[in-house]
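The numbers here are math on the coordinates, done by the rules we state, and not lab data. All of these numbers come straight from a predicted model, not from anything done at the bench. Backbone-built Cβ (ideal geometry, glycine too); neighbour counts: all protein chains shown.
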Amino acid sequence: MGRYALEGVHILDFAWVGVGPITGKYFADNGADVIRVESAARLDVLRVGPPWKDAKPGVNSSQFFASYNTSKKGITLDLSKPAARELARKLVPWADIVIESFTPKAMRKWELDYPHLREIKPDLIMLSTCMQGQTGPNAMYPGFGQLMAALSGFYYISGYGEGSCAPPYGAYSDFIAPRFSACALLAALDYRRRTGRGQYIDMSQYEAALHNLAPALIDYFATGRVLGPRANASDRYSPHGAYRCADEDGHERWIAIAVGTDTEWRSMLATLGAGVQADSGDARFESMRARLDNRAALDELVGSLVRSHQALELAAELQSAGVAAYPVENCVDLHRDENLEAFDFWHWLEHKEMGPSVYEGLQHRMSRTPGDLRTAAPTLGQHNDEVLGEMLGLSAAEIDKLKQEQVIF
């Protein structure tokens, strides 16, 4: 038995930006051998995205890119050139899985799509993950997760009221789709283990994202209601929101609170020392139904009650009283979080150019086959000689010639 759950699985990763590389990272951090294929002719946009080491932009100094590509090897092939595509085809027999995330025309044009690669390796598993899938009237539309979050409806529901649009941070759907694609790939591997047959997976990031709106979609089909922007309002909890506490060191501090029962409401008031003045005789807050009907006044009240408290201390007191509450943490807080420290969540890895760099840890802990961030992300083309020389048998002179011709580029 190997140390890692996915040891022995080989993945050829043509994907770029978020969904595909994150999917490959799940496998790489759990023991799979992943070769990331890139090109300087058209850089992965994350390579030029901040944050950069020492705030100095560079193709090998982005922690944004690095965080999504741990435990992988990296090579460079300009796939617009026939010789580069031929090298890619020579790697296919090694691969159990091929991942790509271009619009559908790219791999077809290069004859690196599933029908062509299956001729090379009949039991190959291939994942294509683009914005709206491989078929349909909008299949060729390119884009990024920010746009997909808008198309999927998340922008519409994330404001503070009518006429307000406050989108969720970042490429929201990029953190939904990889969970589905990883599960699909694991299922395909298991199916191949049982039958000897590979298969093709068409992962539409649009369809995957909609699953995180399932309650709103079901409600529409059942009642005709269209969910709109509601700030932090909930149908089951009240109060439910983030409230400003006492500032610390000149910075705002906030606490998130969710009260689900009348008992919790009374416990919260008692903890805040506000039981008499806030609860007595005010029919607007005496029951859950009443609090739901008077959200604006309730939020104003709770905001006034917590304003003088320290967020971290108040969260601990409310938790002790049986009320769900957490401080709203910023990035500095997360790196100091005692629970994350106890989990050994943050990992320092030695990057070839950035030196010691901090990475987010794994999402889970497997008791028999724990994963590991085995290596830092590769620099651009870091493993060209190893992969093309040792695996494909190219001589140093052949590799140098291909570099001069910008095939390896």
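What the table below lists for this structure:
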item: Top positive-direction residue, dipole computed over segment 223-372 with Cβ charges, set A296, G355, G250; result: A296
item: Selection from I408, M126, Y114 lying farthest towards where the dipole of the chain points positive, charges on Cβ; result: Y114
item: Protection proxy ranking, peptides 334-340, 5-11, 227-233, 67-73, average beta carbon neighbours within 10 Å, highest first; result: 67-73, 5-11, 227-233, 334-340
item: Zero-based 20 Å bins, Cα pair distances in the chain, whole percents; result: 22, 48, 25, 5, 0
item: Student exercise, segment 231-342 dipole from Lys, Arg, Asp, Glu Cβ charges, in Debye to nearest 20; result: 440
item: Rounded tilt (10° steps) of 214-223 against the dominant C-alpha axis of the chain; result: 60
item: Values of log10 I(q)/I(0), in the order q = 0.16, 0.17, 0.24 Å⁻¹, for segment 212-322 under a Debye, Cα-only, solvent-free model; result: -0.77, -0.84, -1.35
item: For segment 1-84, projected area of the alpha-carbon convex hull averaged over all directions, nm²; result: 6.1
item: Share, in percent, of DSSP beta bridges within the chain that are antiparallel, nearest 5; result: 45
item: Inter-probe distance in nm under a simple model that places probes 7 Å from Cα toward Cβ, at R197 and D333; result: 5.2
item: Alpha-carbon radius of gyration plus Dmax, which is the widest Cα pair, for segment 8-150 in Å; result: 15.1, 47
item: Inter-site label distance for T223 and A283 at 7 Å from Cα along Cβ, in nm; result: 2.5
item: Extended-chain gain in nm, criterion 0.36 nm per residue less alpha-carbon gap, A274 and D247; result: 7.6 nm
item: Mean-position separation - Cα centroids, segment 284-345 and segment 32-51, in angstrom; result: 40
item: Projected label distance in nm at F345 and T369, using a 7 Å step from Cα toward the beta-carbon; result: 2.6
item: Tail weight of P(r) past 15 Å, computed on alpha-carbon pairs of segment 1-47, percent; result: 45
item: Relative contact order %, the chain, counting alpha carbon pairs below 8 Å whose residues are six or more apart; result: 19
item: Over segment 119-247, equivalent-ellipsoid semi-axes from the Cα gyration tensor in Å; result: 36, 17, 15
item: Cα centre as origin, Lys/Arg/Asp/Glu Cβ charges: the chain dipole, Debye; result: 1360
item: Net lengthening on full extension, T261/E405 (0.36 nm per residue, minus Cα-Cα); result: 44.9 nm
item: Dipole-positive endmost among V226, S181, C165 within segment 157-276 (Cβ charges, Cα centre); result: S181
item: For segment 327-379, diffusion coefficient by Stokes-Einstein and Kirkwood Rh (Cα), 25 °C, 0.890 mPa s, µm²/s; result: 194
